[in-house]
Amino acid sequence: MAARRRLAVAWSIAWLLVQAAIPASVSAHHSASIKRWDVDNDGVWEASDSIVAYSQGGVAWTTQKINRVTEAIQRWSSQTDWNPWFSSSPVSHKVWVDGSAPSGHSVCDVTWSQIDDVATTCNDMINKGSWIRIIDSDTFLDSTHTSFDWGTTSNSNYSGRGVVTHEIGHGAHLIDVNWANCDPFGELITMCGTAGGTQTWGLYTLTADDINSANDMYPP
Ligand SMILES: [Zn+2]
């Protein structure tokens, strides 16, 4: 059985300052953040803040990968108030499947050897007081050191679709759930922060905890 590896989020410096200032564990839902976030920077918590486009980063894209990433992103928009979508036109939020690391492609100056993660998401955020503005969010899969399978039938490799589903949750400002809280009802929470290859196939299925946490971040 493969060792569980981390599915991480790398926050920008601005976030670290915010995190130090807020109390731990206020939310009733495991992966919900304390502060809601704002796309248009008007300080108003509104449904339109949830509509965020992603596009392809880097190279190595195939029709199969595009289909799986599209499905992973649509998982959130079809089941929660978080409404990301995969655009065919370039936008600032990107998904990288070619093994590129955050360093050089985002504000998170980290390489894969520094973080040893299967995948990570870099959020560029500013603390605005009662809310957080997310300026950009980029998801990276370490396809150089990890074997991802882009099909839909589970096997011992990491599920590209499952891992992207998890990482896009970070784009909604959701946080990793620690392993002890990952499987409360016999179903693996998508925002579980550690998973083995076989387990990542289950991440495509959002649990009530994931759905409730995403809905905490946005109005319907
Ligand atoms: Zn994560």
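Search the stretch 142-161 for residues being touching a Gly at 6+ places or on another chain (Cβ under 7 Å) and of a type outside the set (Val, Ile, Thr), and hand back the single one that is surrounded by the fewest Cβ atoms within 10 Å (Cβ to Cβ).
That would be SER156.
Answer yes or no: is there a residue in the stretch 192-203 that is buried (at least 24 other Cβ atoms within 10 Å of the Cβ), in contact (Cβ under 8 Å) with a residue 40 or more places away in the chain and within 22 Å of VAL59 (Cα to Cα).
No, every residue in the stretch 192-203 fails to be buried (at least 24 other Cβ atoms within 10 Å of the Cβ), in contact (Cβ under 8 Å) with a residue 40 or more places away in the chain and within 22 Å of VAL59 (Cα to Cα).
Would you pick out the residues in the stretch 13-67 that are at pLDDT below 85, among the β-branched types (Val, Ile, Thr) and not in a helix (DSSP H, G or I)?
Matches in the stretch 13-67: ILE22, VAL26, ILE34, VAL39, VAL44.
I'm trying to understand the selection: among the residues of the stretch 102-115, which are touching a strand residue (DSSP E or B) at 6+ places or on another chain (Cβ under 6 Å) and surrounded by 15 or more Cβ atoms within 10 Å (Cβ to Cβ)?
PRO102, SER106, VAL107, CYS108, VAL110
Report whether or not VAL95 is among the β-branched types (Val, Ile, Thr) and surrounded by fewer than 19 Cβ atoms within 10 Å (Cβ to Cβ).
Answer is no for this residue.
Restricting the search to the stretch 170-191, which residues are within 24 Å of TRP37 (Cα to Cα) and surrounded by 15 or more Cβ atoms within 10 Å (Cβ to Cβ)?
Once the filter is applied, which keeps residues that are within 24 Å of TRP37 (Cα to Cα) and surrounded by 15 or more Cβ atoms within 10 Å (Cβ to Cβ), the stretch 170-191 yields HIS170, GLY171, ALA172, HIS173, LEU174, ILE175, ASP176, VAL177, ILE189, THR190, MET191.
Kindly provide the set of residues from the stretch 68-81 that are touching a helix residue (DSSP H, G or I) at 6+ places or on another chain (Cβ under 9 Å) and assigned to a helix (DSSP H, G or I), ordered by number.
Once the filter is applied, which keeps residues that are touching a helix residue (DSSP H, G or I) at 6+ places or on another chain (Cβ under 9 Å) and assigned to a helix (DSSP H, G or I), the stretch 68-81 yields ARG68, VAL69, GLU71, ALA72, ILE73, ARG75, TRP76, SER77, GLN79.
Report, by residue number, each residue of the stretch 82-96 that is assigned to a loop (DSSP other than H, G, I, E, B) and in contact with a Ser or Thr (Cβ under 6 Å, 6 or more places away or on another chain).
Of everything in the stretch 82-96, those that are assigned to a loop (DSSP other than H, G, I, E, B) and in contact with a Ser or Thr (Cβ under 6 Å, 6 or more places away or on another chain) turn out to be TRP82, SER87, PRO90, VAL91, HIS93.
Of the residues that make up the stretch 77-93, is at least one more than 22 Å from LYS35 (Cβ to Cβ), touching a residue at least 60 places away in the same chain (Cβ under 8 Å) and within 16 Å of the ligand (Cβ to nearest atom)?
No - not one qualifying residue is present in the stretch 77-93.
The values are calculated or read from the model by the stated rules, or taken from the named source; none is laboratory data. Values in this document were obtained by computation on a predicted structure and should not be read as measured data. All Cβ positions, even for glycine, are placed from backbone atoms using ideal geometry, and neighbour counts span all protein chains on display.
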